[in-house]
Amino acid sequence: MILRDAIHTRRAVRRFRPEPVPRETLLDLLDLANRAPSSFNLQPWHFVVVDASEQKKKLRRLALDQAHVEAAGAVVIFCADPAAWREHLKPTERQAMNSGVFGLEYAGRRSRYIRLYFDGGPLGLLGVLKLVGSSLVRLFRPLPHLPVLQRKRRALVREEVMLAVAQFMLAARTSGLDTCPVGAFDGGRIKRAFGIPRRMEVVLLVPVGYALEPDAQRQPRLPLAEKVHWNGWSVVEGRGEPRVSYDRHARIGGGQKERGRARR
Ligand SMILES: Cc1cc2nc3c(=O)[nH]c(=O)nc-3n(C[C@H](O)[C@H](O)[C@H](O)COP(=O)(O)O)c2cc1C
């Protein structure tokens, strides 16, 4: 199955055949997930695979008793490590240098950027200083927001892990398997029950298995025309304001002044 078909046929499946998923298959899918992009290639993810019946039952209880968590052949607990910028800095640097992806000079620069970008220092005090400094700089030139506070680092690694999740779900589809992203769970209890280190974020559970009804209907999506904005934000007739039709917008070819700026 090619990627386009995988995208078209993926759906959140909640009824599975009681069949295990071979571990080699799971490893193959996780290898594809592991190839997701991440900032500075820091790869802030961990995959906890739950395929034993008792453990799946336990996980189901911690996920609002959702039956598909237990029914699937396996469930992957996708975790994000907010400390990956520190823990993975050197291993990823060594690997890239050994395979000739970059040299010593770039490695030094990368390391400085990573520390500048993520390091909040003891008690986050350096982070607060960086935030004040970067806000001042931003008055004069464009500057991204630095994830120096723990809250921001957590949000960033969650986003990155979601990219791995998407790859995993589509890869599963290409292997004739189905998945369901599950976000309703008690992350703290899952960490304690499965021995996941406290600093990790439990991002998503993904039950994976063989669908009971492989040809079930798929959920529709809102029209693409309402979602695509060429050369700046535009609002479609009948939704929000100002009222500018998508067709007119397309004809104008993205003239910002004629369209006006919509509220976010
Ligand atoms: C972040 C996230 C959390 C979700 N949490 C749950 C969940 O707890 N239980 C569930 O059955 N489905 C969950 N879903 C699945 C959505 O309900 C589903 O993807 C959506 O209705 C679209 O349907 P489709 O995936 O079949 O296209 C979640 C999806 C996402 C992306």
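The values are calculated or read from the model by the stated rules, or taken from the named source; none is laboratory data. Everything quoted here is computed from the prediction, not taken from an experiment. Cβ sites come from the backbone with ideal geometry, for glycine too, and all protein chains shown count toward neighbours.
Structure data summary
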{"quantity": "Subset tally (residues that are farther than 30 Å from Leu131 by Cα and either within 14 Å of the ligand (Cβ to nearest atom) or not assigned by TED's automatic domain parsing to the domain that holds Leu26 (or both)) for the range 168-192", "calculated": "15"}
{"quantity": "Total residues in the range 16-37, condition away from the ligand (no atom under 16 Å from the Cβ), in contact with a strand residue (DSSP E or B) (Cβ under 8 Å, 6 or more places away or on another chain) and of a type outside the set (Lys, Arg)", "calculated": "7"}
{"quantity": "Check on Ala72, modelled with pLDDT of 95 or more, within 12 Å of the ligand (Cβ to nearest atom) and in contact with a Cys (Cβ under 9 Å, 6 or more places away or on another chain)", "calculated": "yes"}
{"quantity": "Every pair of residues 6+ apart whose Cβ atoms lie under 6 Å, when the first sits in the range 216-229 and is free of Cβ contacts under 8 Å to residues at least 40 places away in the same chain while the second is surrounded by 12 or more Cβ atoms within 10 Å (Cβ to Cβ) and not in a loop (DSSP other than H, G, I, E, B)", "calculated": "Ala225/Tyr246"}
{"quantity": "Candidate set from the range 47-68 (those that are closer than 29 Å to Gln150 by Cβ and buried (at least 20 other Cβ atoms within 10 Å of the Cβ)); member that is nearest to the ligand (Cβ to nearest atom)", "calculated": "Ala63"}
{"quantity": "Only one of Val128, Val161, Val148 that is surrounded by fewer than 20 Cβ atoms within 10 Å (Cβ to Cβ) and either within 30 Å of Pro214 (Cα to Cα) or away from the ligand (no atom under 16 Å from the Cβ) (or both)", "calculated": "Val128"}
{"quantity": "Residues that are away from the ligand (no atom under 11 Å from the Cβ), more than 22 Å from Val75 (Cβ to Cβ) and either surrounded by 16 or more Cβ atoms within 10 Å (Cβ to Cβ) or of a type in the set (Val, Ile, Thr) (or both), drawn from the range 1-15", "calculated": "Ile2"}
{"quantity": "Residue under evaluation Glu24, criteria (1) without any contact (Cβ under 8 Å) to a residue 12 or more places away in the chain; (2) under 30 Å from Gln150 (Cβ atoms), criterion not met", "calculated": "(2)"}
{"quantity": "Candidates Ala84, Ala96, Ala74, Ala80 - the one that is in contact with a strand residue (DSSP E or B) (Cβ under 7 Å, 6 or more places away or on another chain), surrounded by 12 or more Cβ atoms within 10 Å (Cβ to Cβ) and farther than 28 Å from Asp215 by Cβ", "calculated": "Ala80"}
